[in-house]
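Enquirer: Got a structure for you, written out below as structure tokens; questions coming shortly.
The values are calculated or read from the model by the stated rules, or taken from the named source; none is laboratory data. In this text, all values refer to a predicted model and were calculated from it rather than measured experimentally. Neighbour counts are summed over all protein chains in view; Cβ atoms, including those assigned to glycine, are modelled from backbone coordinates with ideal geometry.
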């Protein structure tokens, strides 16, 4: 697996950390599921999703600030123990490097494109809060 080498500036880390208060708001909703539009008879139309304004801003920020890594084999990395630990253990996230946060965010964002709701679940499970909290400690 190709090892990604990247350093993150204080500005990039701060941009990520700025979302920690957003993800810790009581009753914060990352996205809502839209009602499906009626289709032609016999046609099943899947519901869409609408990101909250904050979630939309977050997803835009992770791309513009370089937290979504290009050339990173996230599907392969998501099979590793490192991913599994970061994905399921808040203590592992609390010790993560900026690069590990970027790898985790890349895997989540990219997977969300194939499996809608991945980011919303990561938010609901506290993973996005843990990631952004860790960023606040790296600044």
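Enquirer: Cβ contacts < 7 Å: first residue on the phi > 0 side of the Ramachandran plot, restricted to region 118-132; second residue part of a helix (DSSP H, G or I), any location; separation 6+ or different chain. Result?
Expert: Sorted first by the residue in region 118-132, then by its partner, the pairs are 126/90.
Every residue, every condition in (1) more than 26 Å from residue 9 (Cα to Cα); (2) surrounded by fewer than 14 Cβ atoms within 10 Å (Cβ to Cβ); (3) in contact with a helix residue (DSSP H, G or I) (Cβ under 9 Å, 6 or more places away or on another chain), yes or no:
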position	(1), (2), (3)
63	no, yes, yes
67	no, no, yes
79	yes, yes, no
92	no, no, yes
95	no, yes, yes
103	no, no, yes
122	no, no, yes
129	no, no, yes
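Enquirer: On the basis of being more than 19 Å from residue 7 (Cβ to Cβ) and surrounded by 18 or more Cβ atoms within 10 Å (Cβ to Cβ), does residue 116 make the cut?
Expert: no
Enquirer: Exactly one condition in (1) in contact with a strand residue (DSSP E or B) (Cβ under 8 Å, 6 or more places away or on another chain); (2) at pLDDT 95 or above; (3) assigned to a loop (DSSP other than H, G, I, E, B) is not met by residue 116; state its number.
Expert: Of everything listed in (1) in contact with a strand residue (DSSP E or B) (Cβ under 8 Å, 6 or more places away or on another chain); (2) at pLDDT 95 or above; (3) assigned to a loop (DSSP other than H, G, I, E, B), residue 116 misses just condition (2).
Enquirer: Confirm whether residue 9 is touching a strand residue (DSSP E or B) at 6+ places or on another chain (Cβ under 7 Å), surrounded by 11 or more Cβ atoms within 10 Å (Cβ to Cβ) and modelled with pLDDT of 95 or more.
Expert: Judged against the criteria, residue 9 is not a match.
Enquirer: Determine which single condition residue 15 fails, assuming it passes every other condition in (1) more than 20 Å from residue 130 (Cα to Cα); (2) assigned to a helix (DSSP H, G or I); (3) touching a residue at least 40 places away in the same chain (Cβ under 8 Å).
Expert: Here residue 15 meets the rest and fails (1).
Enquirer: Moving on to the next point. Answer yes or no as to whether residue 106 is in contact with a strand residue (DSSP E or B) (Cβ under 6 Å, 6 or more places away or on another chain), free of Cβ contacts under 8 Å to residues at least 60 places away in the same chain and outside any loop (DSSP other than H, G, I, E, B).
Expert: When the stated conditions are applied, residue 106 does not pass them.
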